[in-house]
Amino acid sequence: MTLNDHALEVLEELKKKDVISDDSKIKSYEQLQGGADTTMFEISIINQPRRYIQRIFRSLASNKIAEYEYNVQKTLFENNVNVPETYLIKLTPNSRERPYFVMEKIEGTRLDQVFYRNPEKLEQLIEMLL
């Protein structure tokens, strides 16, 4: 499958979960700088202000690892911790042959950006999170 085919798969999964309406269409699907364990894409939907992040796990990651991360983030959100809301998880098999999940995009500075600008502040933020 091509990248566009995969983006359409994600769109259909969001529709199935009633996250977006059945007539929604993708405005953009752009790769972001990924984390250590995932490749990330930002998804924008036409006529919708909310944007989404898709985290696609690396090829060696198992469904179990993806499920664990998804469930941790979902539990944190449900307990009013300020983390992105998760909407769906898609385990393998899928069009990428790698597990992924989709969550809301929260605007702000990412931790990797903090690290590159001010490494000392990163330590303070990590201590706050812990």
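Read-outs: derived from the displayed coordinates by stated rules, not from any lab. Note that the coordinates shown come from a computational prediction; the quantities given were computed from them, not determined experimentally. FYI the Cβ positions are ideal-geometry reconstructions off the backbone, even for glycines, and counts take in every protein chain you see.
Residues that are closer than 30 Å to Phe115 by Cα and without any contact (Cβ under 8 Å) to a residue 24 or more places away in the chain: list the strands (runs of 3 or more DSSP E) wholly contained in segment 2-102 that include at least 2 such residues.
Correct list: 26-32, 38-45, 86-90.
Each residue in segment 49-61 was checked for being surrounded by 13 or more Cβ atoms within 10 Å (Cβ to Cβ) and over 20 Å from Lys15 (Cα atoms), and 3 pass. Only one of the numbered conditions (1) touching a Ser or Thr at 6+ places or on another chain (Cβ under 8 Å); (2) surrounded by 12 or more Cβ atoms within 10 Å (Cβ to Cβ) is not met by Ile46, and that is (2). Scanning segment 27-38 for residues that are within 14 Å of Tyr52 (Cα to Cα) and either surrounded by fewer than 16 Cβ atoms within 10 Å (Cβ to Cβ) or of a type in the set (S, T, N, Q) (or both) yields Lys27, Ser28, Glu30, Gln31, Leu32.
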